[in-house]
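Below you'll find the structure, written out as structure tokens, and then a few comments.
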Amino acid sequence: MQPLLVDIKRGSLEDGPGIRSVVFFKGCPLRCVFCHSPETQDHRVEIGFSVRRCVRCGACAEICPSQAIDMSFSGRIHRSKCNRCGACAEVCPGGGLNRIGTYYSPEELCEILLRDIAYYHHSNGGVTLSGGECTLHPDYLESLLILLKNHGIHIAIQTSGYFDYRSFRKKVLPYCDLVYIDVKFADPRLHKLHTGKSNRRILSNFRTLLREKRVEVHPRTPLIPGITASYRNLYAIAQLAWEAGANDVALMPYNPMGFEMASNLGRPKPQLPEEFMTPEEEKSVKEMFDGIIARLSPKSTL
């Protein structure tokens, strides 16, 4: 399976130290109900439709080989008929239809990422591999990372933690400087309910990574109102992280930006708040978490 990319974000200041380029891989083993990048879940090419950009020219309907385009249908694409060939997106003049998922060889991707090498070195930045779940492709990552490391590039990985550890340790970890690993729930029942998978493998990988001592590891917890941002869940995560030897836990404010993309992909609207957390809400959760840490251990560095 060739890995597809959704995007390459240049000049990021939020995905690791310094100025970074972030590579978003397509495909993820989890199906989080609160996913803010639903276009990265399916490992296959997808066709997105934006009603705001549609000029209703009908060129897409004329060229579609499977007759999946219906100009009278609000979602425009009958997904059960679509073969994902992308012909409609190629003739769309307004960008209402777009093909999501592009393949680059490791050499091609490395060449693109090295265009910003001066920024990486000047700012102590580098490249962050994200998703979806980039670790689904260990052979590809190994080839890419060897090329990047030949140029002294700092490498960060953002992962859900759901990966085969033996393969990761052999093919990816030797070239990593920093790993961000999501710890969304401590309770395996809640994790499966909201992500579709047990967190047993994730927590095992998290603990094992911390024992490696050869890579910097930071757990991250997304704050989802009514789901992960509860006292009970955050207390359990803090306790788990402290006992595993983590130095910190990053709390990531709720991000509702996946709503429009879910609609563009013909998926149902998530039953979640449509607004970002307010500064007051973020402050309240942060104070609650600080209180949890103080209760766990006055000497804790979390």
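Annotation note: Cβ proximity below 6 Å between a residue of the range 99-111 that is over 10 Å from Pro3 (Cα atoms) and a residue that is in a loop (DSSP other than H, G, I, E, B) and at pLDDT 95 or above (sequence gap 6+ or interchain) occurs for Arg99/Gly86.
Within the range 97-121, the residues that satisfy the criterion of being more than 30 Å from Asn264 (Cα to Cα) and touching a Gly at 6+ places or on another chain (Cβ under 8 Å) are Asp116, Tyr119, Tyr120, His121. Of the listed requirements (1) touching a Pro at 6+ places or on another chain (Cβ under 8 Å); (2) modelled with pLDDT of 95 or more; (3) surrounded by fewer than 20 Cβ atoms within 10 Å (Cβ to Cβ), Asp42 misses just one: (1). Here Glu212, Glu260 are screened, and the one residue that is over 20 Å from Gln158 (Cβ atoms), among the acidic types (Asp, Glu), out of contact with any strand residue (DSSP E or B) (no Cβ under 6 Å at 6 or more places or on another chain) and at pLDDT below 95 is Glu260. Total residues in the range 1-52 satisfying the condition of being more than 17 Å from the chain's Cα centre (by Cα) and closer than 20 Å to His218 by Cβ: the figure is 3. Would you mention how many residues in the range 147-177 are more than 20 Å from Leu203 (Cβ to Cβ) and among the aliphatic types (A, V, I, L, M)? Count: 5. Restricting attention to the range 148-162, which residues are part of a loop (DSSP other than H, G, I, E, B), touching a Leu at 6+ places or on another chain (Cβ under 7 Å) and without any contact (Cβ under 8 Å) to a residue 60 or more places away in the chain? The one that is part of a loop (DSSP other than H, G, I, E, B), touching a Leu at 6+ places or on another chain (Cβ under 7 Å) and without any contact (Cβ under 8 Å) to a residue 60 or more places away in the chain: His151. Scanning the range 123-147 for residues being part of a strand (DSSP E or B) and touching a His at 6+ places or on another chain (Cβ under 8 Å) gives a total of 2.
Of all the listed residues (Arg115, Arg166, Arg84, Arg76), the sole one being loosely packed, with under 14 Cβ neighbours inside 10 Å and touching a strand residue (DSSP E or B) at 6+ places or on another chain (Cβ under 9 Å) is Arg115. If the condition is being in a strand (DSSP E or B) and acidic (Asp, Glu), then the range 206-221 contributes only Glu216. Residues that are among the hydrophobic types (A, V, I, L, M, F, W, C) and loosely packed, with under 13 Cβ neighbours inside 10 Å within the range 254-302 comprise Met257, Ala294, listed in sequence order. Of everything in the range 227-253 that's of a type in the set (D, E, K, R) and farther than 14 Å from Phe185 by Cβ, which residue is surrounded by the fewest Cβ atoms within 10 Å (Cβ to Cβ)? So the residue we want is Glu243.
State whether one or more residues within the range 121-142 are free of Cβ contacts under 8 Å to residues at least 12 places away in the same chain and surrounded by fewer than 22 Cβ atoms within 10 Å (Cβ to Cβ). Checked against the condition, which is being free of Cβ contacts under 8 Å to residues at least 12 places away in the same chain and surrounded by fewer than 22 Cβ atoms within 10 Å (Cβ to Cβ), the range 121-142 yields no hits at all.
The values are calculated or read from the model by the stated rules, or taken from the named source; none is laboratory data. What you are looking at is a predicted structure, and each value in this text was computed from that prediction instead of being measured. So basically every Cβ, Gly included, is an ideal-geometry build from the backbone, and we count neighbours across all protein chains shown.
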